[in-house]
Amino acid sequence: MPRNGFLPFSLPDIGQGEINEVVKVLSSGWITSGQKVAAFEKAFAEYVGSPYALTLTSCTAGLHLAMEILDLQPGDEVITTSLTWPATVNMIHLCGGRPVFVDVERDTFNLDVSQVEEAITDRTRAILPVHFAGQSCELEKLRKICKDHSIELIEDAAHAVGSEYKGARIGSGNNMAVFSFHPIKNMTTGEGGMITTHNSEIFERLRTLRFHGVDKDAWKRYGRGEKAGYELYHPGWKYNMTDIQAAIGLVQLERLDGMIEKRMTLAALYDDLLSEVHEITRPGRVPYDIRHAWHLYTIQVDRDKTGIPRDEFMEEMGKRNIGTGLHFRAVHELSFYKNHYPLPVGSLPETEFISESIVSLPLYPGMNESDVYNVVAAIRDIVKKFKE
Ligand SMILES: Cc1ncc(COP(=O)(O)O)c(C=O)c1O
């Protein structure tokens, strides 16, 4: 019996608090970047433990600006994962760099740090890992490799708002870390992003690159008592967040820990119930001390064990009124990257296997325990039907 009513894969958790704050901004006479943006940046910097945080229109914008800061020259390489949303790799390519893929671990889906060092060449400029699903990569080892080879670490922290590594929040490190506030993420601003750094010079460059390259944003140019005029030393983009978005972000940030707790409870229930469905592989855990933000709950549907290919499994879930997500198809297997950076099949065996078998199950604070029971019942039903 399929459940009554469709269970979406993801839903943003927007309450009356967010709505009230948006209404206030809309009535205030100032709706683009202003004091709400400044307040959100300050609150976020304090939350993660970084001296500087800069709002943006998306995480992709942040990855773009981080690549600009690297000033990649033709042939320069950036080591990254292929098990990511294309934005991570696109920004390396579009900024003139060459993405170099390192395989991931079969169970955690994070970069296999033991393979990173052998991928370094004299053209390597940076390592760009993804904290998959909000489970931190092995940062100490990555930082040591970067230090030993005088290259940069830039964290794609799109999934990792509120994640911790050995007691420190993601984003509290010296290096740049880039976050996403897309509606499916652990907190949202509609669309949006944030970049953190400890380096005041890099922060200033990011700040001007975010807004055309001019040294004064709209708030300063139109503010009372401010001098007219502005200067431009390097052209930039238009990646500034609005006060409308920041008003949502301020409320979401206050609620973030509570929302993550709810995700943890639901993930623990999935773990428990799925421990009895032996055909399905549950997401693995890293062996070091972290706080998992549970952005995604990703299982592996291995056709050999379940009797059904992943794509069909997702369709069957849909027929049972359960939404699912695909995070991610391996980027090196997408047409553009296959043509531009060809790699023989089997070059990244774990990534390739995971890309074929991964499925994200519904996970968000608005769900309740009976939703999780429904999802697992649907999985059991499919496995029973197709295994025979
Ligand atoms: C790993 C990763 N990096 C980057 C992004 C891009 O984030 P945004 O949509 O905020 O640009 C995403 C989005 O899903 C992502 O999953």
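What follows is calculated from the coordinates using simple rules that are stated; it is not laboratory data. No experiment lies behind these values; they were computed from the predicted model shown. Because the Cβ atoms are built from the backbone with ideal geometry, glycine has one as well, and the counts that use them run over all protein chains shown.
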Cβ-Cβ under 6 Å, sequence separation 6+ or interchain: first residue in region 16-32 and of a type in the set (S, T, N, Q), partner outside any helix (DSSP H, G or I). Which pairs? Thr32/Thr242
Within region 240-263, is there a residue that is more than 26 Å from Thr57 (Cα to Cα) and not aliphatic (A, V, I, L, M)? yes
Determine if region 331-347 includes at least one residue that is in contact with a Leu (Cβ under 9 Å, 6 or more places away or on another chain), buried (at least 22 other Cβ atoms within 10 Å of the Cβ) and closer than 28 Å to Arg3 by Cα. no
Please give the number of the condition Gly173 fails out of (1) crowded, with 19+ Cβ neighbours inside 10 Å; (2) not aromatic (Phe, Trp, Tyr); (3) not in a loop (DSSP other than H, G, I, E, B). (3)
Where residues in region 114-152 are of a type in the set (Ser, Thr, Tyr) and without any contact (Cβ under 8 Å) to a residue 40 or more places away in the chain, which of them is farthest from Lys166 (Cα to Cα)? Ser150
Hey, any hits in region 187-194 for a residue that's surrounded by 16 or more Cβ atoms within 10 Å (Cβ to Cβ) and touching a Lys or Arg at 6+ places or on another chain (Cβ under 6 Å)? no
Quick check on this structure: which one of Gly173, Gly167 is over 17 Å from the mean Cα position of the chain (by Cα), farther than 19 Å from Gly249 by Cα and in contact (Cβ under 8 Å) with a residue 12 or more places away in the chain? Gly167
Subset of region 172-214, residues β-branched (Val, Ile, Thr) and away from the ligand (no atom under 16 Å from the Cβ), comes to Thr197, Ile202, Thr208, Val214
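Which residues, taken from region 317-346, are touching a residue at least 40 places away in the same chain (Cβ under 8 Å) and part of a loop (DSSP other than H, G, I, E, B)?
Arg320, Asn321, Gly323, Thr324, His327, Phe328, Ala330, Leu334, Tyr341, Leu343
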Taking Ser50 as the residue in question, decide whether it is within 27 Å of Val331 (Cβ to Cβ) and surrounded by 21 or more Cβ atoms within 10 Å (Cβ to Cβ). no
For region 148-171, the count of residues that are more than 10 Å from the ligand (Cβ to nearest atom) and closer than 19 Å to Phe132 by Cβ equals 13
